[in-house]
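J.: Can you keep this structure in mind? I'll have questions shortly.
The values are calculated or read from the model by the stated rules, or taken from the named source; none is laboratory data. Treat the numbers as computed from the prediction; the structure is a model and nothing was measured. Neighbour counts are summed over all protein chains in view; Cβ atoms, including those assigned to glycine, are modelled from backbone coordinates with ideal geometry.
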Amino acid sequence: MVEPKHFETQIPSCMTDGLSVQETLIGLMEAFEYSLRDVFAMRLSLEEAITNAIRHGNQLDPQKTVQICCRIDDQRMEVVVTDEGAGFKPEEVPDPTLDEFIERPCGRGLMLMRAYLSRCEYSEGGRRITMVRQRNSPLPILGDQVANG
Amino acid sequence: MFAAGRRKHWSSKNVITSGARDMSKNRRIDIEEISGITVVKLLEKKILDEANIEELGKELFGLVETSGRRKLILEFSDVEYLSSAALGKLITLHKKVVAAKGKLVLCGIPKEILEVFKITQLDRILTICADLDGAIAKF
């Protein structure tokens, strides 16, 4: 059994730094031998959460930072991303699958994270997101899979 | 990556191959012309980086707006990751092609990426085929 690992960093509102942290965290998942499916889910979620924090939260303000904390063991990975922006209300983000929004080029990140993560919760007025992926999670569950039992 | 049968199919047509390249970056797409259809192969494994996605968008939009191409196939078999920002570019490309009275078909999408299209229900508005032959048959 591998000992749990903790990783914490603070980055400027810079996409390149965001990508670098993603690679570090994915490296941890690989070290713990998570499946490709788990890695896919977490990479996608990390990209969405960190990009949202930098672009929509901090508005690319170089004076503001994004804090990223990760705890990983052989059963789950938890990542908390906190920005210094004005926050937002997740419940007010429109459903991008509705006919009136389906052709909008943005607004799908939150939906994807909810689909792929075992836990996806906003706190601190929308400035903090907590993401958890359980090892070998069956997520995402697609509609046709539900229908087929 | 291409099956032998498909390669034979490609070579039997009038195929013009070119690459789109940013001088400072890796090549993002390969472009082939098959019987009047522009087949765009996405070369990047990870379509995640925003700056990269922006450039990819410009290259794809240029095919419609500058080069006047109306029949487009996007081939995804090399793609391993795709962010929602990349999905946004595909939607905008779709709109531009439709506005130009053309057609856009996606093909060769790996299972994991296909799930992303299904979750977001973009498979409702985008035409998706399993492989290149199926995509060509849509025109």
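J.: Go through segment B:96-112 residue by residue and tally those that are within 14 Å of chain A (Cβ to nearest Cβ) and surrounded by fewer than 21 Cβ atoms within 10 Å (Cβ to Cβ).
T.: First, the residues of segment B:96-112 that are within 14 Å of chain A (Cβ to nearest Cβ): B:96-99, B:104, B:109-112.
Next, from what is left, pick out any that are surrounded by fewer than 21 Cβ atoms within 10 Å (Cβ to Cβ): B:96, B:98-99, B:110-112.
Looking only at that region, the number is 6.
J.: Residue check: is A:Gly87 part of a helix (DSSP H, G or I) and away from chain B (no Cβ under 14 Å)? Full working, then the answer.
T.: Values: part of a helix (DSSP H, G or I): no; away from chain B (no Cβ under 14 Å): yes.
So A:Gly87 does not fit the description; no.
J.: Determine whether segment A:32-52 contains at least one residue that is within 14 Å of chain B (Cβ to nearest Cβ), within 22 Å of B:Leu48 (Cβ to Cβ), loosely packed, with under 13 Cβ neighbours inside 10 Å and among the aliphatic types (A, V, I, L, M).
T.: Yes - at least one qualifying residue is present in segment A:32-52.
J.: Quick one: how many residues across segment B:119-130 are within 12 Å of the chain's Cα centre (by Cα) and in a loop (DSSP other than H, G, I, E, B)? Quick ask: steps written out before the conclusion?
T.: Step one: of segment B:119-130, the residues within 12 Å of the chain's Cα centre (by Cα) are B:126-129.
If we keep only those that are in a loop (DSSP other than H, G, I, E, B) too, we end up with B:126.
Selection size over segment B:119-130: 1.
J.: In segment B:96-118, how many residues are among the hydrophobic types (A, V, I, L, M, F, W, C) and assigned to a helix (DSSP H, G or I)? Working first, answer last.
T.: Residues of segment B:96-118 among the hydrophobic types (A, V, I, L, M, F, W, C): B:97-100, B:104-107, B:109, B:113-114, B:116-117.
Filter again for assigned to a helix (DSSP H, G or I), leaving B:97-99, B:113-114, B:116-117.
Total satisfying the criteria: 7.
J.: Here's a check for you: in segment B:32-56, which residue that is at pLDDT 90 or above, farther than 16 Å from B:Lys71 by Cα and part of a loop (DSSP other than H, G, I, E, B) is nearest to the other protein chains (Cβ to nearest Cβ)?
T.: Looking at the filtered set, the residue picked out is B:Lys45.
J.: Here are some residues: A:Pro94, A:Pro62. Which one is more than 11 Å from the chain's Cα centre (by Cα), farther than 28 Å from A:Met29 by Cα and within 14 Å of another protein chain (Cβ to nearest Cβ)? Write out each step before concluding.
T.: Numbers: A:Pro62 fails: within 14 Å of another protein chain (Cβ to nearest Cβ).
That would be A:Pro94, the only listed residue that is more than 11 Å from the chain's Cα centre (by Cα), farther than 28 Å from A:Met29 by Cα and within 14 Å of another protein chain (Cβ to nearest Cβ).
J.: For residues in segment B:73-95 being more than 7 Å from chain A (Cβ to nearest Cβ) and assigned to a loop (DSSP other than H, G, I, E, B), which is nearest to A:Tyr116 (Cα to Cα)?
T.: Ranking the qualifying residues of segment B:73-95, first place goes to B:Glu80.
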